Structure formats: C-alpha cells, structure tokens
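Have a look at the structure below, then the notes.
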Amino acid sequence: MTADPLRSDFLPSWNDGAAKQAIADFLAAARGVPVVDRVAVLDNDGTLWCEKPNYPQLEFLLGELARAVGADPSLAEREEYRALIEGDTAAQSELGLERIALALIELCAGISPEEFDASVRAFFATARHRDRGVSLSAIRYQPMLELLDELRRAEFDVFIVTGGGTEFVRAIGDEFYGVAPERVLGTQASYDFVRDGDGCAGLIRNADLVAADANEGATKVVNIQRALGRRPIFAAGNSPGDSEMLDYTMAADGPTLALLVDHDDADREYRYESVAATFETTGSFLDLAAAHGWTVASIRDDWATVYAADRPDQ
C-alpha cells in the first residue's frame, strides 16, 4: 500500500485489504478538495456501534416504559406497550417498529430538553449490553472510531446522520464519537415553547415528531440538505435505510467513498444482513452495494478488532 495516509499507525484495527486501501486512496485524493467541501456523514446504529440484540435507544425507552407503568399500571394495557412488556414478537411485528417507536417517544413528552439529556446520560452510566455484559460505550466499533479520527485529521466536517432520535445521540455524541450536538441529525422530537410561573422561557417535549417520516431512506438525504446545505463526499452505513445517502454521496463531484459495514462475523459480533427499520426492501443489500460501487467493510475479514472494549491497550 503506497497511499500517503498509510502511516504505521493508520487504522490499526483494520486488516490490510481492499477496504483499508480504498479509505487510504480516498483520503489522499480528498486533499485536492476544498476544505469546505470535505463533508462526511455516518449512520450510527450498526455503523458506529453494535445494534444487536436491541438498539440502545430501544433499551433506554424500555426502561422509561417500565418506570411509566410503575407509576400508572393502566399504561400496560395499551396495545404497543403490552406487546413490549409481554415480549410478544408477533404482535410487535404486526404493529410495526415505527408505530411502537412513536408510542415509546410519547413517554418522554412533557419534559425539558435538559431533563431528557440528563435521563439519557443516567441510562448510559449504568446500562450494560445484554449479551456481552459491558457498558454501551464499550460496544462502539473501534475501527470506525479510528476512521472518524482519520476523517478529522483530513479536515473533514463529520456528522452523524441516524434513524435514531437526534436528542438521544446528541447526549453522548461528543463523549462517544467526538461529534458535537449540532452535528447530529436524526429523527427529531417536537417541542412546545413555554414560560414558567416566573415568566422564564423554555421548551418541553411533546408527543410529536418534527417530520412525519423517520430519518431513513430518502428522508436522510433531504434532511442532509436542510440541515447541512452541503453534499457529503464520504458516507458510511449498514442498512437499506442508508442506501439513498450512500448513492447521494457517490454522485458528488470529485473523489467520493461510500462505505457499507457488513455484519458477517457470528463469532466476534453477529451475523446478519441489516434491514431498514421503517420500510421493506427486497433483494440482497450486498448485491446492491456491488451494483452501486460502494466499498464493503467486512467485520470478519477487514476488522482486526471489533469493539472499543477489545483494544489491546484496555
């Protein structure tokens, strides 16, 4: 490998191979791109951290549901909540993840952004991954953390573009990924402007979303334009919910790279082909990657280390 970015400490958790070389070549080529146009967007769930056996945000909301039912047992009779409490996967499938997610979001209505942020941070302080028993910070993907560092070293503006809740990821984005709150773009909660008894202005969450659609698929691309105003030249994702974002990136002028994380390691992580959370697709996502020219990062073959917890120096 002769690309200049390949210092001895370049992406140390990546095995030498086509994916690592593609990243190196892209970063070398990006030096000729004006800094203002060096924009990178990365999905979160399944791309920057492990999304199995449950999304971390779902685990958080299940905890909120347990507390809410403890205070008001009648909530357990609501169709969406009952399916979760009883672990009725058939009912959950019939209801659909989007409907269940919206019902869970209602649990956080009526609190301020600061209160929500505090509750998310409290969750991460104690939560453990169901299978590995480690903190959720430990199930971040070490190779992707190194890639984030390389993008920043190459003077990229780095954004997280997720189907998850904007505020949920903002609460830990800086600590976990070095991504400031204003650089997180996700499914956005809606707020009401209020004044307290002393006339002090503030916000409280309501039960709605800013947009009708979750931040997946084409919605991601539309929101990138709305929030960023710049087309990315690097994108990373892991599911059909990222496909439009990857294609949008590949259509930019000059050097581009679209990276797909392939979950093909049943021993160190999980073996599965990701699906979109809020819509159905057909065919193999890996076949789509080959047809569209995306670079595939195989967890089994391309990653020498998977999790941040598995770094040799830890």
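Let me see the P(r) profile for the stretch 198-294: every Cα-Cα distance counted, bins of 10 Å, each bin given as a percent of all pairs.
Each 10 Å bin holds this share of Cα pairs: 14, 37, 28, 14, 5, 2, 0.
Which one, 231, 128, 31, has the greatest fluctuation when you compute a Gaussian network model over the chain with C-alpha springs under 10 angstrom?
31
Any chance you could get the radius of gyration and Dmax over the Cα atoms of the stretch 56-109, in Å?
For the stretch 56-109, the Cα radius of gyration and maximum Cα-Cα distance read 10.2, 28 Å.
Name the residues of the stretch 174-193 whose amide N is less than 12 Å from a point 7 angstrom out from the Cα of residue 210 along the C-beta direction?
Zone members listed by number: 182-191.
Magnitude of the Cβ-charge dipole of the stretch 56-109, K/R +1 and D/E -1, about the Cα centre, nearest 20 debye?
Charge dipole of the stretch 56-109: 100 debye, to the nearest 20.
How do 292, 263 line up, fewest other C-beta atoms within 10 Å first?
Numbers: 292 13, 263 20.
Placing the least packed residue first, the sequence is 292, 263.
Nearest 10 degrees is fine. How inclined is helix 166-177 to the longest principal axis of the chain, computing both from alpha carbons?
Tilt relative to the chain: about 40 degrees.
Highest mean first, what order results for 198-205, 81-88, 39-46 on Cβ atoms within 10 Å?
39-46, 81-88, 198-205
What number, rounded to the nearest 500 deg cm²/dmol, is the helix-based mean residue ellipticity at 222 nm of the chain, given -39500 (n - 2.57) per DSSP H run of at least four residues and division by all its residues?
-11000 deg cm²/dmol
In a Gaussian network model over the chain where Cα atoms closer than 10 Å are linked, find which of 186, 217, 254 has the largest mean-square fluctuation.
254
Read the figures in this text as sums done on the coordinates, not as results from a lab. All figures in this text were calculated on a predicted structure; none of them were measured in a lab. Cβ coordinates were reconstructed from backbone atoms using ideal geometry, including for glycine residues, and neighbour counts include every protein chain displayed.
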